[in-house]
Every structure is written in structure tokens, then in C-alpha cells.
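Engineer: Please read through the structure below; I'll follow up with questions.
Since every read-out is calculated from the coordinates, none of them should be taken as a lab result. Just so you know, these numbers come straight off a predicted model, no measurement behind them. Glycine also receives a Cβ, built like all others from the backbone with ideal geometry; neighbour counts cover every protein chain displayed.
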Amino acid sequence: MSASPQVDNRTLAELIADQKPGYALAQRFYTDPGIYALEVERIIMRNWILAGHESELVNPGDFKVVNVASESAILVCGTDGTLNAFANVCRHRGSLVCLDASGHARKFECPYHGWMYDIDGHLIAARNMPDEFDLAGHGLLPISVDTIHGLVFVAFCDDPPSLEGAKRDLAEPMAMFDFENLKVAARKTYPIPANWKLSIENYQECYHCATAHPDYARMHTLMLDQKKIQRVQQHMRDRMPACGLNDIYVDYNYQKARPGEIGYGYSRTAMFEGYKTGSKDGQPVAPLLGDLRDYDGGASDFTFGAFSFLLAYSDHVVCYVFTPVDKDNSLCEIFWLVRSDADEGKDYDVDALTWLWDVTTEADKTIIVNNSKGVHSRYYRPGPFSGMENLERVYIEWILEQLKAP
Ligand code: FES
Ligand SMILES: [Fe+2]
């Protein structure tokens with residue numbers, strides 16, 4: 001394998017032009033540090049990434065740190081209760097300011113020379129600096145933050161795409177599950193030693209589900225052919241009204257995104273008969289969400305931009321956030337949401353709640369790492385996608401579009 005340290009726009013344009021439609025990406029898209037650097041600039045730093053749920057940050061001083069590629073943000077509930085995000089970079093000589101992953105702070109003290117910032121990002125103390133030193137001019141730099149019906153997103157740029165369409169069009173499906181009144185019941189981070197695209201590409205297709213995920217495959221129907229899916233889909237649709245669910249379909253994903261907006265989508269897919277939710281035996285693992293009255297045997301996919309994917313069962317929501325760490329490493333962060341008034345131990349058990357997607361993600365991690373090893377081989381040749389990899393195809397075509405945009 002050879003990796004050029006730099007890729008100029010012409011080389012990139014040639015690589016993109018050489019990319020055979022309907023085929024896996026060429027090796028350099030996974031191995032070239034220059035392409036990774038462009039992805040960071042043109043895709044990763046320009047788009048919204050799911051950072052958590054509002055319920056994690058309700059009291060002034062509640063904070064969590066969000067790391068994406070080489071950037072780090074402090075997400076913090078301010079004195080007036082509003083949510084802010086700041087670059088986790090000291091205005092003195094640039095040290096990370098906050099080294100804790102989450103918690104409650106009265107102020108943030110830089111561990112290097114002790115500059116002190118309040119929870120609204122203002123610099124409030126700097127030892128031994130000259131009298132004329134301007135504290136006010138050295139506050140933490142702001143990072144874009146916004147919420148969509150309870151979900152918190154950050155973007156490491158000043159002019160991120162608009163979230164207005166997503167807020168409007170996803171209001172109804174998100175209200176069905178009462179997203180604003182959910183809470184985080186569990187979270188887990190899966191470090192994946194593979195390029196971030198391999199991790200997300202794997203999430204976009206279920207061609208591998210029958211071979212890699214025996215547990216997932218006995219309840220979820222995604223690996224069935226279209227005709228069979230339609231039949232089980234109809235059974236679920238017949239049950240939905242009595243369960244309190246509306247039949248909604250939204251698709252502004254990727255290339256279908258409106259100009260200047262993030263892509264987003266919503267759909268609901270039936271599980272096999274007998275499965276009420278994504279659990280070991282198909283039985284409920286938490287109280288029904290929102291005003292739902294019964295289990296329709298479906299699971300809803302929500303997509304927010306290019307890194308954040310949610311699966312809403314009738315009694316819990318699983319949120320997946322994929323981010324790059326560097327060219328060869330990515331993270332999959334999963335958090336599980338239940339209704340805020342559910343009590344752990346009484347209404348839900350964390351092991352039962354997290355079982356399915358923990359085993360599934362561990363298996364995914366293994367196949368993604370195997371994939372990455374082969375993709376680095378001198379014998380790697382991009383092969384054709386199957387009909388069950390259409391979403392992955394759409395995803396990489398979107399990536400290539402974004403890379404082209406100067
Ligand atoms: S780098 Fe933060 S106080 Fe010096
Ligand atoms: Fe998988």
C-alpha cells in the first residue's frame with residue numbers, strides 16, 4: 001500500500017472520477033492522510049454530530065466533553081440554564097482545559113498554569129498576568145450547539161447547516177416517542193481501529209446481518225427480500241393505530257437534503273412476529289414510551305446528518321454516534337434512552353436493555369476491523385455492492401460529493 005502525504009484537488013478529482021459507480025471505495029480513500037485531512041475539513045467539521053440528551057445537562061455547571069477527530073468541546077449548562085459549547089482549548093497556551101469526561105463544575109481550571117473560566121466560558125482569573133491584561137478578551141471560544149426535541153448536537157464550525165427542516169419534519173415522529181422527556185439509561189463507547197467510513201458503511205447495510213448477527217437476524221427483518229418485508233410491514237401497519245403510532249415516512253437523507261440543511265430521515269420497520277422490542281426474548285425491557293398504548297412490533301430509524309443514527313423501539317431508543325479519532329481509528333458511542341420517569345431496577349434492567357446492541361456492536365467491531373485489514377492489502381480491489389447495500393452506496397456517493405465541494 002502506498003499513501004501520498006498530500007492530495008491536491010486535481011488528484012482528488014481524478015480519484016473521484018475513477019471511482020466505479022456501485023463499487024466499494026478505492027483503497028486511497030481509507031489510507032491516504034491527505035484525503036482524511038480533507039474529510040475533516042469538508043465533512044466532519046462542517047456537520048452536526050449528536051452529543052447527547054438535554055436531560056444530561058439540566059443544572060448550571062453540568063457538563064460533558066465531546067471529542068471529534070482532533071477537536072474537543074465542553075458542553076455545559078450555563079448560569080441561566082442555557083446549553084453552551086466551548087472549545088476545550090485554553091486561551092493561554094492551548095492546553096485542554098477540562099480533562100474529565102462529564103460531571104458538575106463551578107468553574108473550569110486549566111491544569112497547565114491555572115487560568116480559570118466560569119461555566120459561561122468567561123476567563124475569570126489568570127495568575128501573575130500584567131495589570132492591563134484583558135480577561136474579557138480571552139474567554140473560551142464558542143462552538144455551535146443546538147437541540148432537536150431533546151437531542152443535543154454540536155458542530156465544530158461557525159456556519160453549520162440549518163436544523164430547521166429536521167426540527168419541523170421530525171417533530172411528529174419524535175413526539176410519538178416523547179423524545180423531550182427521555183433520559184439516558186446506559187451508555188457505552190466502542191473504539192474501532194478502522195477508518196470512520198468503514199464503521200459507518202457497515203452500519204448502512206444489512207447484507208452482513210444474516211452472517212454476523214444471529215441474534216439481531218432472528219428479530220429484525222432487514223435482511224429479507226422486499227416482497228417478504230412488505231408482508232410483515234403490512235401486519236405492523238395494521239397494528240399501529242391501536243398502539244398510538246402514526247405511519248410516517250421522511251426521507252431527506254444525504255443527496256436528498258435541502259440546500260443548506262442537514263440530511264435527515266424517519267421510517268418504521270416491522271420485526272418478526274412475536275418480537276415486541278429489541279430484546280433477548282422479544283419481551284419489553286422498559287415502560288412504553290410517550291403516549292404509546294401497546295407494542296406494534298416495529299422499530300423506527302431516525303437519521304440526523306451523516307454520523308448520528310437512532311433506532312426507536314416502542315419502549316426504548318438506541319442512539320449510535322460514529323466519529324473519527326484519526327485516519328485509522330473511529331469510535332462508536334451508543335446511548336440507550338428510556339422514559340424519564342422509569343426507575344432502574346424496577347422498570348428496567350440495564351443488562352437486559354443493552355444486551356442486543358451490545359452483542360451486535362461487538363460483532364460489528366470484529367467484522368469492521370477484519371474489513372480494514374483487508375482494505376489495506378496490496379491485493380485489495382473494490383468489489384461490487386449487492387442489492388442489499390444500496391444505502392451504503394448512497395452514503396459513499398454523498399461522501400464523494402462533499403469531498404468535491406471546495
Ligand atoms: S495553557 Fe492553560 S493556563 Fe497555560
Ligand atoms: Fe452489523
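Engineer: Counting other C-beta atoms within 10 Å, which of 205, 362 has the fewest, and how do the rest follow?
Structural biologist: Ranking 205, 362 by Cβ neighbours within 10 Å, fewest first, gives 362, 205.
Engineer: Still on this model: Run the quick spin-label model on residue 171 and residue 227: label points 7 Å from Cα toward the beta carbon, then report their separation in nm to one decimal.
Structural biologist: About 4.3 nm separates the two model spin labels.
Engineer: Working out 0.36 nm times the residue gap between residue 380 and residue 59, then minus their Cα-Cα distance, what length gain in nm do you get to one decimal?
Structural biologist: Full extension of this stretch gives 110.4 nm more.
Engineer: Given only helices, namely DSSP H runs of n ≥ 4 each adding -39500 (n - 2.57), what is the per-residue ellipticity at 222 nm of the chain, to the nearest 500 deg cm²/dmol?
Structural biologist: -8000 deg cm²/dmol
Engineer: Taking amide H atoms as placed 1.01 Å from N in the peptide plane, list the residues 5 or more away in sequence, or in a different chain, whose amide H sits under 5 Å from that of residue 348.
Structural biologist: Result for residue 348 returns 343.
Engineer: Quick one: order 327, 183, 228 by neighbouring beta-carbon count within 10 Å, fewest to most.
Structural biologist: 228, 183, 327
Engineer: Amide H of residue 261 versus every other amide H placed in the peptide plane: which residues, excluding those fewer than 5 positions away on the same chain, fall under 5 Å?
Structural biologist: Those qualifying (amide H under 5 Å, at least 5 residues apart or on another chain) are 162.
Engineer: Multiply the residue gap between residue 366 and residue 141 by 0.36 nm, knock off their C-alpha separation, and tell me the result in nm, one decimal place.
Structural biologist: 77.2 nm
Engineer: Taking one equal scatterer on every alpha-carbon of region 244-399, how large is log10 of I(q)/I(0) by Debye at q = 0.15, 0.20, 0.21 1/Å?
Structural biologist: One equal scatterer on each Cα of region 244-399 leads to -0.98, -1.42, -1.47.
Engineer: List the residues whose amide H sits under 5 Å from the amide H of residue 194, counting only those 5 or more places along or on another chain, with H placed 1.01 Å from N in the peptide plane.
Structural biologist: 329, 330
Engineer: In Å, what Kirkwood hydrodynamic radius results for region 200-294 from the alpha-carbon pair distances? Each step should come with its number before you reach the end.
Structural biologist: Numbers: mean 1/r = 0.0651 Å⁻¹.
The answer is 15.4 Å.
Engineer: Then there's this: Determine the shape class of the chain: with a ≥ b ≥ c the square roots of the Cα gyration tensor eigenvalues, call it rounded for a/c under 1.5, and otherwise prolate if a/b is greater than b/c, oblate otherwise.
Structural biologist: Oblate is the answer for the chain, as a/c is 1.5 or above yet b/c matches or exceeds a/b.
Engineer: Wrap a convex hull around the Cα atoms of region 61-178, take a quarter of its surface area, and give that in square nanometres. Spell out each step's value before the answer.
Structural biologist: On the way: hull surface 34.9 nm².
Averaged projected area of region 61-178's Cα convex hull equals 8.7 nm².
Engineer: Helix hunt in the chain: which complete DSSP H runs extend at least 30 Å axially by C-alpha with mean Kyte-Doolittle at least -0.5?
Structural biologist: Membrane-span-like by this rule: 350-375.
Engineer: Whole Å is fine, so just give me how far the alpha carbon centre of region 305-380 lies from that of region 14-75.
Structural biologist: Cα centres, region 305-380 to region 14-75: 16 Å.
Engineer: Rank by packing, highest mean first: peptides 269-276, 296-303, with packing defined as the count of other Cβ atoms within 10 Å averaged across residues.
Structural biologist: 296-303, 269-276
Engineer: I've got another one for you. Looking at the chain, send over the antiparallel percent of its DSSP beta bridges, to the nearest 5. Don't jump to the answer; show the numbers that get you there.
Structural biologist: On the way: 70 of 72 bridges.
Antiparallel bridges: around 95 percent, rounded to the nearest 5.
Engineer: Return 346, 64, 188 ranked ascending by Cβ neighbour count within 10 Å, so the fewest neighbours appear first.
Structural biologist: Numbers: 346 8, 64 20, 188 14.
Fewest-to-most ranking of 346, 64, 188: 346, 188, 64.
Engineer: In whole Å, what is the distance between the alpha-carbon centres of region 248-281 and region 176-190?
Structural biologist: 17
Engineer: Ok, one more. Given a cut-off of under 8 Å on Cα pairs at least six residues apart, what relative contact order in percent is computed for region 1-79?
Structural biologist: 21 percent.
Engineer: Residue by residue through region 170-175, what is 3J(HN,Hα) from phi via Karplus (6.51 cos²θ - 1.76 cosθ + 1.60, θ = phi - 60°)? Round to whole Hz and write x for glycine and proline.
Structural biologist: 9, 4, 5, x, 5, 5
Engineer: Quick one: what are the phi-derived ³J(HN,Hα) couplings along region 20-35, Karplus 6.51/-1.76/1.60 with θ = phi - 60°, whole Hz, x for glycine and proline?
Structural biologist: In residue order, the calculated couplings are 6, x, x, 10, 4, 5, 5, 3, 4, 5, 9, 10, 7, x, x, 5 Hz.
Engineer: Nearest-5 percent of antiparallel DSSP beta bridges in region 160-303?
Structural biologist: That works out to approximately 90 percent antiparallel.
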